Amino acid sequence: MMRSTVGGRFLEALLFAVSSLVLYSFGVGRVLFLVPLQVLSVRRGVSGLAAAGAVAVIGLAGIRLAGLLPAPFDEGAVLVAGAEVAVFLLLVAGLAAADLRLGGMRALLRLLAAAAVVCAAGAPLVAVLAASPVVVQLVDEVFADTSRMLQTVFATGDSVTGTMVEALIVPGVLKVMVREYLLHSFVLAVFAFLAFSWWAGSAAGSRSVAPAPARRWRLAAFRLESWWLWPLIVSLALVAADLLGLLERVPGSAAVPATYASYAAWNAALVVLFLFGLQGLAILRFWLEKRGLARFVWPLAVAVVLAALVTPRLNAVVAVVLPLFGASENWVRYRSSGAAAA
C-alpha cells in the first residue's frame, strides 16, 4: 500500500513536470509553464511542487545538454543553455517560496518577497552573461537581425519619417532601449509572472481538491492596507526626482551610482502602481458583480484596459488613472464589504 502510494505520487509529479516542460517548449505556452506546478502544490503541498519542479529542471537540463552534445563545444551556446536552466530553476524556486505559509503572511507579501529574491539571485547570473564576450557578440547579432527586420517593416518613402525610424532602430540604440526598459521594470515582470502563475494554478487546483477550499481568492475582494500609500508616495517621489535629474546619489551612500538608484525607484514604483491598478480593477469588478453584470461586461472591460495599455499615449493615462482610482479607496468608500483576499 505504501509502495503504491509513493509510486502514484511520483508518477503524478512526473506527469505535472512533463506538462510544465511541454508548455515551456512553445512560445505562448511559456507564460503558463509554472501553472501545472502550482496545481500540484494545491493538491500535494509545497513538497509536491518541489518534486515536480526538480524533475522539470532536470528534464530541461537534459534536453539542452542533448542538443549541445552532437556539435563541437560552443562557449556561447553552453552559457545561454546554462542561463536558461538557471532562470527556470529560479522561477520554480520562487513559486515554491511563495507557497510557504510562514507565520500566516499574506500571499501578496509572499509573492513580492519571492520576486525580490528571484531578482536578487538572478543579478549575478546577468552579470556573468554580460561579462562574456561570446554572449555579447550573440546578443549584438540578434539586435542586428532585429534592426534589419524593423527597417524592412518600417520602410517608407517619407524622408523625414524614414530618418527618424532609422535613428531609433539602429542596433546599438535598439539594444540600449531594450536594456534600459528591462532594467527599469524587471522586478514587476517577475512579480507579475509569479503572481499570475500562483493565481491560475491555485484556481485550477482548487477545483480538483475535494472538499474545495473554503476561502478562494476573489479579485472583487482584493484590497491593499492603508500603509501601502507610503510606498506609493515615496517611490513616485523618487521617480519624479529621477526624471528631473535630481537623483544623482542615494543619500548617505556614495557607493551607489544614480543609475542603480533610478532602477530601484522605477521598479518599486511600477510594482506599487500595478498593485493599486489591480485594486482599481477590483473595485470595478465588485460593482459589476453587485449589479449582476460581471459575466458579460467584465471581459469587455478587461479588453478595453489591455488595449489602452498597448496604445501609445493612452497607456500612460491608464497607468496613472487606474492606480489613482484604486488608491482613492482610502478616502472614498466604494465597496461596502469585502476584505483583503491575497
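Here r is the Cβ-Cβ distance between VAL22 and ARG291 and R0 is 41 Å; the resulting FRET efficiency, rounded to 0.05, is 0.50. Of the peptides 260-267, 305-312, the order by per-residue mean of other Cβ atoms within 10 Å, starting with the highest, comes out as 260-267, 305-312.
A Förster radius of 22 Å combined with the Cβ-Cβ distance from ALA241 to MET177 puts the calculated FRET efficiency at roughly 0.50.
Values quoted throughout were computed directly from the atomic coordinates according to the rules given, and no laboratory measurement underlies them. Since we're looking at a predicted model, the values are computed, not measured. Neighbour counts are summed over all protein chains in view; Cβ atoms, including those assigned to glycine, are modelled from backbone coordinates with ideal geometry.
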